[in-house]
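*Asks:* Pasting in a structure now, in structure tokens, and then I'll have a few things to ask.
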């Protein structure tokens, strides 16, 4: 796609890094990889570890009740006082994605009536595993996502071509960007329709001309 079959302009490591980056970007753009993690609420504990492979949170529930996502700033504005000492059943949460301290933190400290086994449910967008060998399958090997593997290549190729000095490379990069976005839109629509009672049509093969058919 980038006209560099002998790796003269880009090293294998550079290509690998771009492919991995665009695999993660595709998951973020489409929310196509979702997983569920459970934890046990402990009385007196308001912060819990996030899954190690999390990209973003979709839904959080405690004892079957969905919690509202917020931020520390909004909690400060809403309460207009030190809310860190509040106790009771959580109603809101915020996310701390510090690489060294990934936590989900409640707006109040749970009590004995909130405690339970595996009663904290976190539905989240999952970081796809690294592609480190030729046998690795993109997008966590998800069967329904096989048709979208080319989208990763489109994104990576566009990024690499955008740093080339010639106009032809920039034009080609623009075409790949459009193909990437078309794949994103198609994936979002297909997965949105998975919850519909009528069957969906996943396009066959990897030919981009099949997109949207």
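*Asks:* Dividing the Cα convex hull volume of the range 83-150 by residue count, how many Å³ per residue is that?
*Replies:* Each residue corresponds to 169 Å³ of Cα convex hull volume.
*Asks:* Still on this structure, please answer the following. Along each principal axis of its Cα atoms, how long is the range 63-114 end to end? Whole angstroms, biggest number first, please.
*Replies:* For the range 63-114, the Cα extents along the three principal axes come out at 31, 25, 18 Å.
*Asks:* Continuing with the same structure: Please report Rg (one decimal) and Dmax (integer) in Å for the Cα set of the chain.
*Replies:* 21.6, 66
*Asks:* What is the ratio of the Cα radius of gyration of the range 34-126 to 2.2 N^0.38 Å, where N is its residue count, to two decimals?
*Replies:* The range 34-126 yields a ratio of 1.02.
*Asks:* For the range 1-145, give the share of DSSP beta bridges that are antiparallel, in percent and rounded to the nearest 5; count only bridges with both residues there.
*Replies:* Among the beta bridges of the range 1-145, antiparallel pairing accounts for roughly 90 percent.
*Asks:* Efficiency by 1/(1 + (r/R0)^6): what FRET value for residue 102 and residue 185, r their Cβ-Cβ distance, R0 = 45 Å, to the nearest 0.05?
*Replies:* Result of the calculation: an efficiency of 0.90.
*Asks:* Using alpha carbons only, how many degrees (0 to 90, rounded to 10) separate the axis of helix 12-30 from the longest principal axis of the chain?
*Replies:* 50
*Asks:* Would you compute, from DSSP H runs of 4+ residues alone, the mean residue ellipticity of the chain at 222 nm, taking -39500 (n - 2.57) per run and dividing by the full residue count, rounded to the nearest 500?
*Replies:* Using -39500 (n - 2.57) per qualifying helix, the result is -10500 deg cm²/dmol.
*Asks:* Measure out, as a whole number of angstrom, how far apart the alpha-carbon centroids of the range 6-82 and the range 122-154 sit.
*Replies:* About 17 Å separates the Cα centre of the range 6-82 from the one of the range 122-154.
Read the figures in this text as sums done on the coordinates, not as results from a lab. All of these numbers come straight from a predicted model, not from anything done at the bench. Note that we place each Cβ from the backbone using ideal geometry, even for glycine, and neighbour counts take in every protein chain shown.
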